[in-house]
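Q: Have a look at this one.
The values are calculated or read from the model by the stated rules, or taken from the named source; none is laboratory data. Note that the structure is predicted; figures quoted are calculated from it, not measured. Glycine gets a Cβ as well: all are built from the backbone with ideal geometry, and neighbour counts include every protein chain shown.
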Amino acid sequence: MSSFTKALIVEAVAQKPKGWRRFLPPGFHTPKWKIWTGFDYAVGDLQNPSEVITVPGAFVFDGASVPLLLRFFVPMAHPNYIQAAALHDWMLESRLYSRRHCDEVFHEALGVLGMTRFWRGAMFAAVRLGALRWRIRKTLKTGVRK
């Protein structure tokens, strides 16, 4: 079974919102988190993994990207899934992996962290919708579809 090799240790990164966002209450701002020490995620069997993904220390990420109206039900940072969100964000930012692979590893990592099948499915659907939104925005911006 896949596995994280270390527990996640993060610190909140203070931010100064700019423009009109500075008038919003703090709960409406997107939090940023900094990983203190890196961790590995072994895909497949821990003793014989098919892939090991290394998330470096000092990586800054925003937790789970949850639309504002849904944050009451699914906060952007929760101990049950923040490590999977850090893994997913790093994989996307590194550009070493396809978007689909990042999303599939995120889904698997949620299971490793003990998320129920229902919530894993809901969060996977959300990142897939996010990928579709990202692709549409990119296509509109560049005029090229990949």
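Q: Could you list, in sequence order, all residues of the range 61-83 that are farther than 16 Å from Thr5 by Cα and not in a loop (DSSP other than H, G, I, E, B)?
A: Passing the criteria: Phe61, Leu68, Leu69, Leu70.
Q: Could you list, in sequence order, all residues of the range 22-49 that are basic (Lys, Arg) and farther than 20 Å from Lys6 by Cα?
A: In the first step, residues of the range 22-49 are kept if they are basic (Lys, Arg); the result is 22, 32, 34.
Answer for the range 22-49, where residues must be basic (Lys, Arg) and farther than 20 Å from Lys6 by Cα: Arg22, Lys32.
Q: To continue, here is another question. Within the range 84-100, which residues are without any contact (Cβ under 8 Å) to a residue 40 or more places away in the chain, part of a helix (DSSP H, G or I) and either of a type outside the set (S, T, N, Q) or in contact with a His (Cβ under 7 Å, 6 or more places away or on another chain) (or both)?
A: Of everything in the range 84-100, those that are without any contact (Cβ under 8 Å) to a residue 40 or more places away in the chain, part of a helix (DSSP H, G or I) and either of a type outside the set (S, T, N, Q) or in contact with a His (Cβ under 7 Å, 6 or more places away or on another chain) (or both) turn out to be Ala84, Ala85, His88, Asp89, Trp90, Met91, Leu92, Glu93, Arg99, Arg100.
Q: Now a separate question. Taking only pairs six or more apart or across chains, which ones have beta-carbon atoms under 8 Å, a first residue in the range 27-55 that is on the phi < 0 side of the Ramachandran plot and assigned to a strand (DSSP E or B), and a second residue that is of a type in the set (Asp, Glu) and at pLDDT 90 or above?
A: Ala42/Glu51; Val43/Glu51; Val43/Glu108; Val52/Asp40; Ile53/Asp40; Thr54/Asp40; Val55/Asp40
Q: Answer yes if at least one residue in the range 7-14 is surrounded by fewer than 12 Cβ atoms within 10 Å (Cβ to Cβ) and of a type outside the set (A, V, I, L, M, F, W, C), and no otherwise.
A: Yes, there is a match, as at least one residue in the range 7-14 is surrounded by fewer than 12 Cβ atoms within 10 Å (Cβ to Cβ) and of a type outside the set (A, V, I, L, M, F, W, C).
Q: Do you know which residues across the range 66-76 are in contact with a Pro (Cβ under 8 Å, 6 or more places away or on another chain) and free of Cβ contacts under 8 Å to residues at least 60 places away in the same chain? Quick ask: steps written out before the conclusion?
A: To start, the set of residues in the range 66-76 that are in contact with a Pro (Cβ under 8 Å, 6 or more places away or on another chain) comprises 66, 76.
The one that is in contact with a Pro (Cβ under 8 Å, 6 or more places away or on another chain) and free of Cβ contacts under 8 Å to residues at least 60 places away in the same chain: Met76.
Q: Report yes if some residue within the range 94-102 is modelled with pLDDT of 85 or more and surrounded by 19 or more Cβ atoms within 10 Å (Cβ to Cβ); otherwise report no. First the steps, then the outcome.
A: Here is the first cut: in the range 94-102, the residues modelled with pLDDT of 85 or more are 94-102.
Checking the rest, the ones that are also surrounded by 19 or more Cβ atoms within 10 Å (Cβ to Cβ) come to 102.
Scanning the range 94-102 turns up at least one residue that is modelled with pLDDT of 85 or more and surrounded by 19 or more Cβ atoms within 10 Å (Cβ to Cβ).
Q: Quickly run through the range 47-65 and pick out the residues that are more than 15 Å from the chain's Cα centre (by Cα), within 25 Å of His78 (Cα to Cα) and surrounded by 11 or more Cβ atoms within 10 Å (Cβ to Cβ). Show your work before the answer.
A: We begin by selecting, within the range 47-65, every residue more than 15 Å from the chain's Cα centre (by Cα); these are 47-52, 57-58.
So of that shortlist, the ones also within 25 Å of His78 (Cα to Cα) come out as 52, 57-58.
Selection gives Val52, Gly57.
Q: May I ask you to say which residue of Lys6, Lys16 is within 20 Å of Ala86 (Cβ to Cβ), without any contact (Cβ under 8 Å) to a residue 40 or more places away in the chain and not in a strand (DSSP E or B)? If you could, list the steps in order and put the result at the bottom.
A: Details: Lys16 fails: within 20 Å of Ala86 (Cβ to Cβ).
The unique qualifying residue is Lys6.
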